[in-house]
Each structure stands twice: as C-alpha cells, then as structure tokens.
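Input: a single structure, listed below in structure tokens.
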Amino acid sequence: MHTLTAITLRICRRLNLLVLAWPLLAHASLPNASNVPGGIAIVPLGSTSNGADKPQTWLGDQPVLVTSDHDQWYAVVGLPLDMTPGSHELSVKIGSETKPESFVVNPKNYPEQRVTLKDKSKVELSAADLARAEREISAIKELKRHWRPAQDTDLAFIVPAEGKLAGRFGLRRFFNGEPRSPHAGLDVAVASGTPVKASAQGQVLAVGDYFFNGKTVFIDHGNGLITMYCHLERIDVQTGEAVSKGQLLGLSGKTGRATGPHLHWSVVLNGAMVDPELFIPAKDLQ
Ligand code: ZN
C-alpha cells in the first residue's frame, strides 16, 4: 500500500510537471506590448485552429511579423519613434481576402538627455564627414527595411553584454546644447573588450565601420526583426554567417561617435527602431 501511494504520487508529480511544461514548449513567447512611438503593438488576427494559412500583414508597404501564441495569430508591429499617436491600420491578408485591422498608438514623452562631446568634429561635421554620414545613413536605412521570410523568429532576447543598462531607449538628446535625433537604442555600460553576443539566433546581415555607429554588426532574425551592435572594438563574424543565440559577435569598444566605451544595441522591427527592453523576459531585466 505504502509503495502504491508512493508510485501514485510520483506519477501525479510527473503529470503535473508535464502539464506545467506543456504551454512553455508549445508556444512562442511574445515581446511586451507597448502601444507608443518606439514601442510594439501586438494585434490579434484570429485563431490558428481553423486550418487557414498564416495571415500576412503590412504596415503601409512594409511587411509585418506574424507569430502564434496560445492558438492565436498575432501581428507584432514595430511602431516608429516619429509615429503620430492615434488610430492606425494594418493590412491583413487571410487566404485571398485582405482587410484592415486597426490599433491605437498612445503618446509618450521620453526624458531628455544632455551630452557634452569634446570632439567637436563629431558634432559639427565637415563637408566630407557629412557626405560620408549621409551615404551611410541611407545604406543603413536599406538594411533596416530588409525582409527575409523565416519559419519562426525567436522573440525572447538575451541582453548582448553583461553590464548596467545605461542610456535608455527614446531619450531626447541634445549634443552640446543642440537638439539631435532621439536615442534609438539601449546602451549597456561595459569596458572596452567585453564580449558582445547575439541576442537571438539569426544570420549576419552586414558588418561595417560607420562614422556615427563605429564598427557595427547587423543580425537578421527573420521576418523583419534585426538587431544592431555598435561602437565595437573588434568584429568576429562575417556577412552571411549563421549565428546562434549567445554566440560571440565581437568585443565592445568606443569606435564612431561615442563619449566612452559602451555597447549601443538597437532592435529594428518592420523597419522601425523599437525599445530593445520589450524583448527581454521580465526575469532577466534587473
Ligand atoms: Zn547609444
């Protein structure tokens, strides 16, 4: 009897474990929704169980990532920092039918950040530097709009370097008192030479050495999700290479326009720069 009870208990515990583990194994995790400029809207698109194909969605002419979670399809929409608050529409194609799906963007006032740069040549650009920076900005713009269809995209990121989260996303920046574009990434305070790792699996979309961003790696995670790792001292990967989550991409540094060594990490979703913290599971954010 004693043995039977023990066995029964053990079976129950096993079943419990299975029941608990099942949802974790069966569903992709969604990023945190934040319906503000620079955030992410998660728009439900209906049940996955009616046998219909995965819906296709667009924001304007830019395709949008679609994933499933708990038997529902969701569009995971990157909201550009300059998006006007109010009602917006996605174009959703299910089977042969295309219909609009609306979502709301709320206003957000990001805090100000005032930065003093001693190297004035990085603030007041010479004609040659300006021409170079403009060429690079349009090349980077193309990279951000890149779309590679992928079966599945891992939406639970790791922070790519061990360090304090410093300059938060969205800060309205002033360099030497002059207003500049907002901070479209997250800064991790690390010394030069700190390992920088891929936040999720993907392919190296490009590597480069840019006037503002310095030595930079772009990782394409599929379906319009791209991460950028900037100001590196050393790059250890090549364009086209497949990378796994946590794989070493290079070492942190202060190349380009940086006040000191740090990792600037950006996340691009359907061409929009969004807050990287939305992709970090809450338990990993200190
Ligand atoms: Zn930064």
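Side notes on the structure shown:
- Evaluation of Thr98 against the conditions (1) part of a strand (DSSP E or B); (2) out of contact with any Gly (no Cβ under 9 Å at 6 or more places or on another chain); (3) open to solvent by less than 40 Å² (accessible area, probe 1.4 Å) shows that the sole unmet condition is (3).
- Residue list for segment 123-151, filter: closer than 17 Å to Val217 by Cα and exposed (fewer than 12 other Cβ atoms within 10 Å of the Cβ): Ser138, Lys141, Glu142
- Of residues in segment 212-227 being open to solvent by less than 10 Å² (accessible area, probe 1.4 Å) and among the hydrophobic types (A, V, I, L, M, F, W, C), the one farthest from the ligand (Cβ to nearest atom): Leu225
- Residue in segment 168-183 that is farther than 29 Å from Pro107 by Cβ and touching a strand residue (DSSP E or B) at 6+ places or on another chain (Cβ under 8 Å) present: no
- Flag for Ala191 being in contact with a Pro (Cβ under 9 Å, 6 or more places away or on another chain) and in the same structural domain as Arg132 (by TED's automatic domain parsing): yes
- Of all residue pairs spaced 6 or more apart or on separate chains, those with beta-carbon atoms under 7 Å, a first member in segment 35-55 that is touching a residue at least 60 places away in the same chain (Cβ under 8 Å) and a second member that is small (Gly, Ala, Ser) are Asn35/Ala41; Gly38/Gly170; Ile40/Ala33; Ile40/Ser34; Ile40/Gly78; Ala41/Ala33; Val43/Ala75.
- Number of residues in segment 257-271 that are surrounded by 24 or more Cβ atoms within 10 Å (Cβ to Cβ) and either of a type in the set (Lys, Arg) or away from the ligand (no atom under 11 Å from the Cβ) (or both) equals 4.
- Test: residue in segment 242-256 that is modelled with pLDDT of 95 or more, within 14 Å of the chain's Cα centre (by Cα), within 16 Å of the ligand (Cβ to nearest atom) and not assigned by TED's automatic domain parsing to the domain that holds Val64: no
- Hey, Glu233 more than 24 Å from Thr67 (Cβ to Cβ) and either surrounded by fewer than 23 Cβ atoms within 10 Å (Cβ to Cβ) or within 16 Å of the ligand (Cβ to nearest atom) (or both) or not: yes
- Gly193 fulfils the conditions (1) open to solvent by 50 Å² or more (accessible area, probe 1.4 Å); (2) more than 16 Å from the ligand (Cβ to nearest atom) except for a single criterion, (1).
The values are calculated or read from the model by the stated rules, or taken from the named source; none is laboratory data. On a predicted model such as this, the values are computed, not experimentally measured, just so you know. Backbone-built Cβ (ideal geometry, glycine too); neighbour counts: all protein chains shown. Calculation scope for accessible area: heavy atoms of the full protein, side chains included, ligands and nucleic acids excluded. Shrake-Rupley method; radii C 1.70, N 1.55, O 1.52, S 1.80 Å.
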